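Enquirer: Could you have a look at this structure, given as structure tokens, before my questions?
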Amino acid sequence: MTTKTLLDMVNVTAGYGQTPVLFDVNMSVNQGEIVCLLGRNGVGKTTLLRSIIGLNPLTKGSISFDETDISKVPTFKRARKGIAYIPQGREIIPYLSVLDNLKMGFSASGKKGNRIPSEIFDFFPMLKEHLNRQGGLLSGGQQQQLAIARGVMCNPKIMLLDEPTEGIQPSIVQEIEETLKRINQEKGITIIVVEQKIEFARKLAQKFFIMEKGAIVQKGTTEQLTDDLLHRYLAV
Ligand SMILES: Nc1ncnc2c1ncn2[C@@H]1O[C@H](COP(=O)(O)OP(=O)(O)O)[C@@H](O)[C@H]1O
Ligand SMILES: [Mg+2]
């Protein structure tokens, strides 16, 4: 089996306006992997995901995705190339039905379509029962599942998830973990997940990256994610 680099960030420097947040970030992710991105509050995890989808322009460095330099490609085109971004805080449209929220996945991917593929309900059976409900009436965990499902609707090559388990009850956290594993294995979708729940990240991911002050300072396989590292870089 050959491993292929799907995403390669080289010396990525980016921020908000004149304020740099990421400094020479180097991060490489192979096709088919699940990696977690860890680090204390404010170190730049969200900004890193935003730079991959093109919401924070680079002031230095480059990002290549699927063997193409996407450093200057606009966000909507990155989505069409196969990058799905599921931001923190389940950004679904609360007044639209679950069905209409799902259909937004079609427009993001630039593909036409009207029928929700049955695999979506296979991954998320709950959504089928609530298709005509307003998204905003779902529980927090259900809204998160809807947001992930909408990402899968785009048939992405990679999904970027920002703290998908934040504020979600444990039984649904477990469900989300199992569903993400299935999506990875059955659809071959590569996943980068920013996570605060270490046990969730450990069980889900094969590799980890730890950030501090806008840079990647540690990386390895999740077996190498020792308590010492967690204590050094994650304990408050
Ligand atoms: N919209 C913004 N404008 C200016 N600075 C921001 C903005 N969002 C985040 N920052 C700053 O960028 C740094 C990294 O934030 P962020 O990427 O959200 O970190 P994390 O996700 O690891 O908590 C923080 O210092 C934060 O204050
Ligand atoms: Mg964040």
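Enquirer: Within segment 46-65, which residues are of a type in the set (Val, Ile, Thr) and within 9 Å of ligand 1 (Cβ to nearest atom)? Reasoning before the result, please.
Expert: We begin by selecting, within segment 46-65, every residue of a type in the set (Val, Ile, Thr); these are 46-47, 52-53, 59, 63.
Within segment 46-65, Thr46, Thr47 meet the criteria.
Enquirer: Looking only at residues that are away from ligand 1 (no atom under 14 Å from the Cβ) and open to solvent by 40 Å² or more (accessible area, probe 1.4 Å) in segment 21-45, which one is nearest to Met159 (Cα to Cα)?
Expert: Gln31
Enquirer: If you don't mind, there's one more thing I want to ask. Which number in (1) hydrophobic (A, V, I, L, M, F, W, C); (2) open to solvent by 10 Å² or more (accessible area, probe 1.4 Å); (3) at pLDDT below 95 marks the one condition that Ala201 misses?
Expert: (2)
Enquirer: Hey, among the residues in segment 88-103 that are closer than 13 Å to Arg150 by Cα and among the polar types (S, T, N, Q), which one's nearest to ligand 1 (Cβ to nearest atom)?
Expert: Filtering first and then ranking leaves Asn101.
Enquirer: While we're here: Considering only residues that are more than 18 Å from the chain's Cα centre (by Cα) and open to solvent by less than 40 Å² (accessible area, probe 1.4 Å), look in segment 81-100 and name the one that is farthest from Met153 (Cα to Cα).
Expert: We begin by selecting, within segment 81-100, every residue more than 18 Å from the chain's Cα centre (by Cα); these are 93-100.
Okay, now just the ones that are also open to solvent by less than 40 Å² (accessible area, probe 1.4 Å), so 97-98.
On the way: Ser97: 16, Val98: 13 Å.
Checking each candidate, the answer is Ser97.
Enquirer: Going residue by residue through segment 70-80, is there one that turns out to be touching a Leu at 6+ places or on another chain (Cβ under 9 Å), aromatic (Phe, Trp, Tyr) and either surrounded by 15 or more Cβ atoms within 10 Å (Cβ to Cβ) or under 20 Å from Leu55 (Cα atoms) (or both)?
Expert: No, the conditions are met nowhere in segment 70-80.
Enquirer: Checking Glu175 against (1) more than 24 Å from Arg50 (Cβ to Cβ); (2) surrounded by fewer than 14 Cβ atoms within 10 Å (Cβ to Cβ); (3) charged (D, E, K, R), which single condition isn't satisfied?
Expert: Only one criterion is unmet by Glu175, namely (2).
The values are calculated or read from the model by the stated rules, or taken from the named source; none is laboratory data. Quick caveat, the model's predicted, so the values are computed rather than measured. With ideal geometry, Cβ positions are generated from the backbone for all residues, glycine too; neighbour counts draw on all protein chains shown. Note: accessible area is taken over every heavy atom of the protein model, side chains too, but ligands, DNA and RNA are not part of it. Shrake-Rupley method; radii C 1.70, N 1.55, O 1.52, S 1.80 Å.
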